Amino acid sequence: MQAAVLTEHEEPLEIQEVPEPEPDPDGAVVDVEACGVCRSDWHAWKGHGEWAGDAVPEGQTLGHEPAGTVTAVGENVERIEVGDRVVVPFSLGDGTCHQCRTGHSNVCPNGLALGFEPDAQGAFAEQVAVPEADYNLVELPEFLSPRDAAALGCRYMTAYNALVNRGLVTGGDWVAVHGCGGVGLSAVQLADALGARVIAVDVDEDALERATDLGAELTVNPEEERVVKAIKIATDGGVDVSIDALGIAETCRNSVRCLAIRGDHVQVGLTTDEERGEVSLPTDRIAHMELSVHGSRGMPQTDYENLFELIEATELDPGALVTRELSLSDVSDRLAAMDDYSTAGVEVVTDF
Ligand SMILES: [Zn+2]
Ligand SMILES: [Zn+2]
């Protein structure tokens, strides 16, 4: 089968003929029908993370936002069957540790990150192998196509986890979203559906327009306004929850600084070569105002049911975030386009 392989950081991915995966006894193989291209792929492609010893190794097949149909299951698999339509969460749990057993598979210490490590080759490929299939695979409801569901394996569910599980957003809250790429726009749409009042922040006017279409009540462009001041004035004191969906020093600090007293900052975006994993924060303000700083990574597998219920009940359309359909050979160009933040919304490979 064909796969897009990272042979050298920052060089175009190589489309290679690789062996079709076999399911291990507890695993399954999914025929990939759609796979989103995410900023996390860009981080991997750039070789980011070497400062923490976790740069993605060369030789890796990238791609971690797949949806498709199960074509094979291992002998121990009981719940998942051949022919099931599924989405694959990128954060794969072992299903047995304390975190997995208490509903936190997204931070499983024995887990695998799909598409980022040799034992979990990714889904920029015709097929992808998934370990612990009964635990990790999520059946798609009828109303979601693989194309529309591609981001549900990463950015969409990540936004849900950040808002619901970490930020504890409820109706009427003010929510600021800093960075309106795929995960930011997902957060805008979901926060609006949760009844929050949403402020979208981005330097790109098209992204802000899209955010308005998806439910943002107010937009702020940092190239035209001072972000913190604009938000404080609009909300009469600051937002209840703020999400840094990008991960550069400016968005991270703005996110903390635009909070109201006792507000919650949620860090979703990962840093670049500039920050190397660390950003200084206004600690005195965090103490004085009793601000909370949370991290958020993916979403526990057990929350998909709630996410699907929200989508159905509020008639959300995750497919509205998809701006472009790609073939496997387009991925390199789209990763390169992320260098200057010129991609928009969610771009999905649908032609393998
Ligand atoms: Zn992703
Ligand atoms: Zn676990």
Using θ = phi - 60° and the Karplus relation 6.51 cos²θ - 1.76 cosθ + 1.60, list the HN-Hα couplings for the range 56-68 in order, rounded to whole Hz, with x at every Gly or Pro.
-> 6, x, 5, x, 7, 7, 7, x, 9, 10, x, 9, x
For the range 157-281, what % of the accessible area comes from carbon and sulfur atoms, probe 1.4 Å?
-> 43
With point charges of +1 on the Cβ of Lys and Arg and -1 on the Cβ of Asp and Glu, referenced to the Cα centre of the range 90-166, which listed residue (Ala120, Pro131, Ser105) lies farthest in the positive direction of the dipole?
-> Ser105
At 7 Å along the Cα-to-beta-carbon direction for both Thr69 and Met1, put a label point, then send me their distance in nm to one decimal.
-> 1.4
If amide H atoms are modeled at 1.01 Å from N in the peptide plane, then the residues at a separation of 5 or more from His294, or on another chain, having amide H under 5 Å from its own are His265, Val266, Gln267
With charges only on Cβ, +1 for K and R and -1 for D and E, what is the dipole size of the range 1-87 about its Cα centre, in debye, rounded to 20?
-> 340
Based on the Cβ-Cβ distance from Asn76 to Arg101, what FRET efficiency comes out when R0 is 25 Å, to the nearest 0.05?
-> 0.85
Value of D in µm² per second that Stokes-Einstein yields for the range 156-239, Kirkwood Rh from Cα pairs, at 10 °C (1.306 mPa s) | 128
In whole Å, what is the distance between the alpha-carbon centres of the range 126-165 and the range 289-352?
-> 10
Residues meeting the amide H criterion for Val138 (H placed from the backbone, H to H distance under 5 Å, 5 or more places apart or on another chain) are Val87
Cα-based Rg / Dmax (Å) for the chain = 19.4, 60
What part of the accessible area of the range 92-137, given as a whole %, is carbon or sulfur when the probe is 1.4 angstrom?
-> 47
Given backbone amide H placed at 1.01 Å from N, residues whose amide H is under 5 Å from that of Ala260, ignoring those fewer than 5 places away on the same chain, are Val239, Asp240
So how far apart, in nm, are the two label points at Arg226 and Thr314 if each is 7 Å from Cα heading toward Cβ?
-> 3.3
Rounded to whole Å², per residue accessible area for the range 82-133 with a 1.4 Å probe reads 38
At q = 0.17, 0.20 Å⁻¹, base-10 log of I(q)/I(0) for the range 47-184 (Debye sum, equal scatterers on each alpha carbon) | -1.07, -1.37
What is the sum of charges around Thr271, taking Lys and Arg as +1, Asp and Glu as -1, for the other residues whose C-beta is under 13 Å from the C-beta of Thr271?
-> -4
Sequence order, the range 194-207: Karplus ³J(HN,Hα) from phi using 6.51 cos²θ - 1.76 cosθ + 1.60, θ = phi - 60°, Hz rounded, Gly and Pro as x, gives 7, x, 7, 9, 10, 10, 9, 10, 6, 7, 9, 5, 4, 5
Compactness relative to 2.2 N^0.38 Å, alpha carbon Rg of the range 13-70 | 1.32
In this structure, the FRET efficiency calculated for Glu325 and Glu20 from their beta-carbon separation, with R0 = 30 Å, to the nearest 0.05, is 0.80
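The values are calculated or read from the model by the stated rules, or taken from the named source; none is laboratory data. A quick note: this is a predicted structure, and the numbers were derived from the prediction, not measured. No Cβ is skipped: glycine too gets one built from the backbone with ideal geometry, and neighbour counts run over all protein chains shown. The accessibility values were calculated without ligands, DNA or RNA, using every heavy atom of the protein model including side chains. Shrake-Rupley method; radii C 1.70, N 1.55, O 1.52, S 1.80 Å.
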